[in-house]
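Every number in this text was worked out from the coordinates using simple rules, so none of it is lab data. Remember, it's a predicted structure, so these values are computed and weren't measured experimentally. Heads up, the Cβs are rebuilt from the backbone with ideal geometry, glycines too, and the neighbour counts pull from every protein chain shown.
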Amino acid sequence: MMRAHRPHPIAVIRFAERLVAWQRRHGRHDLPWQNTRDPYRIWVSEIMLQQTQVDTVVPYYARFMARFPDVAVLAAADLDEVLGLWSGLGYYARARNLHATARQVATAHGGHFPREVEALAALPGIGRSTAAAIAAFAFGARAAILDGNVRRVLCRAFGIEGPPGERAVEKRLWALAESLLPERAIAAYTQAQMDLGATLCTRHRPRCGDCPLAADCVAHREGRTAELPTPRPRRDAPRRAVRVALIRSGDRVLLERRPPAGIWGGLFALPEIPSSCDDARAWIAGRFGFDVRPSRELAPLEHAFTHFRLAIQPIGFDVDATALACHEPDHVWLELAGLDEAGLPAPVRRILESAAGGR
């Protein structure tokens, strides 16, 4: 049974006040997407920060802003270039949604982001919490956020039990988050929640001694910071295995575009050899119309996704220059020297970097 400690009205008021005061003294103030009201810059940062830590995002954000300084430039860009700059950041649906949203803002909203949370949440890849963050930072809207950091802070501070991803628990957390909203300083309060969860109220080894909420925090008072938030029941991640063909002609390698849905959607990757195929050379000849020289197994690798692990066995094939005349739809011959500019999944990039260094 889920047990929760209902916040007293005075505690609710002090919760916001203490967070804002702490953020102004100890929070983060020099991140590259801060100190601006530009909804475009704020939106890009919020999308990049979904499921990715700040230190990883910072260099990607800088490169992205240098190439796509405003929504019009991003909307006019080719998706392949967007995916290329996103390569290595993971969760590539975010990049596709970013591009789709830019085009929608440019065409349906006259190049201006809507100010209302509901209208922002209707754009591809944004959602309720991200929309609230954009509206708070860009327009001063009084709206609640509920990202992973905020869920953790609220579950610990108010003793809310049950996995936060469960519908009943999430509904309770949204109601609590909205009840805690201050009347003023909404941007500072929103940033404070993010900062507290990222720097003090961390998943492991929280720094409760430095926390402005420690005096009233249920988890701290009851010694339950390791228990809250309640983890989901653990399941062993399934393991999948694939073989991919590294078909090489000199310093070029053949890549194919992945389907728009599924893992690595829209990115270029190495052709996947069907699991039922016993003769990869014959499959390549039938698929692409050219012969390859005898194959060789390359170093395998594993890549972890959210819900499964992928074991990849690359198999190398060499072809002569006549194969470069193959121009199948959604296939390209990529120069190994041009990896930095290509939109490639991280494990594919590692395979190709190893291939480039091996010759």
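What does the highest-first list of 127-140, 17-30 look like by mean Cβ count within 10 Å?
127-140, 17-30
Using the Cα centre as the reference, give the magnitude of the dipole from point charges on the C-beta atoms of the chain (Lys, Arg: +1; Asp, Glu: -1; all else neutral), rounded to the nearest 20 debye.
With Lys and Arg at +1 and Asp and Glu at -1, about 1480 debye.
Hey, rough spin-label estimate for Ser275 and Glu17, points 7 angstrom out along Cα→Cβ, what's it come to in nanometres?
6.1 nm
Would you mind estimating how fast the chain diffuses translationally, via Stokes-Einstein at 20 °C and 1.002 mPa s with the Kirkwood radius over Cα pairs, in µm²/s?
Stokes-Einstein gives a translational diffusion coefficient of 93 µm²/s.
7 Å from Cα along Cα→Cβ at both Ile263 and Glu183: what's the point-to-point distance in nm?
The answer from the label model is 5.3 nm.
Within segment 57-149, report the GluC sites (Glu not before Pro) that DSSP leaves as loop and that have at most 14 other Cβ atoms within 10 Å.
Sparse-neighbourhood loop GluC sites (Glu not before Pro): Glu116.
Using the Karplus equation 6.51 cos²θ - 1.76 cosθ + 1.60 (θ = phi - 60°), what ³J(HN,Hα) coupling, rounded to whole Hz, does each residue of segment 48-57 give in order, writing x for Gly and Pro?
5, 7, 5, 6, 9, 7, 4, 4, 6, 6
Using the Karplus equation 6.51 cos²θ - 1.76 cosθ + 1.60 (θ = phi - 60°), what ³J(HN,Hα) coupling, rounded to whole Hz, does each residue of segment 210-218 give in order, writing x for Gly and Pro?
9, 7, x, 9, 4, 4, 10, 6, 4
Helix 186-199 against the longest principal axis of the chain: what's the angle in degrees, Cα atoms only, rounded to the nearest 10?
Computed tilt is about 60 degrees.
Report the relative contact order of segment 239-357, percent, no decimals, based on alpha-carbon pairs under 8 angstrom and at least 6 residues apart.
The value is 35 percent.
Only helical DSSP H runs with n ≥ 4 go in: add -39500 (n - 2.57) per run for the chain, normalise by residue count and round the 222 nm mean residue ellipticity to 500 deg cm²/dmol.
-13000 deg cm²/dmol
Apply 1/(1 + (r/R0)^6) to the Cβ-Cβ distance of Glu81 and Ala241, taking R0 = 25 Å, and write down the FRET efficiency to the nearest 0.05.
0.20
Roughly how big is segment 239-357's charge dipole about its Cα centre, with Cβ charges of +1 (Lys, Arg) and -1 (Asp, Glu), in debye to the nearest 20?
In debye, rounded to 20, segment 239-357 gives about 420.
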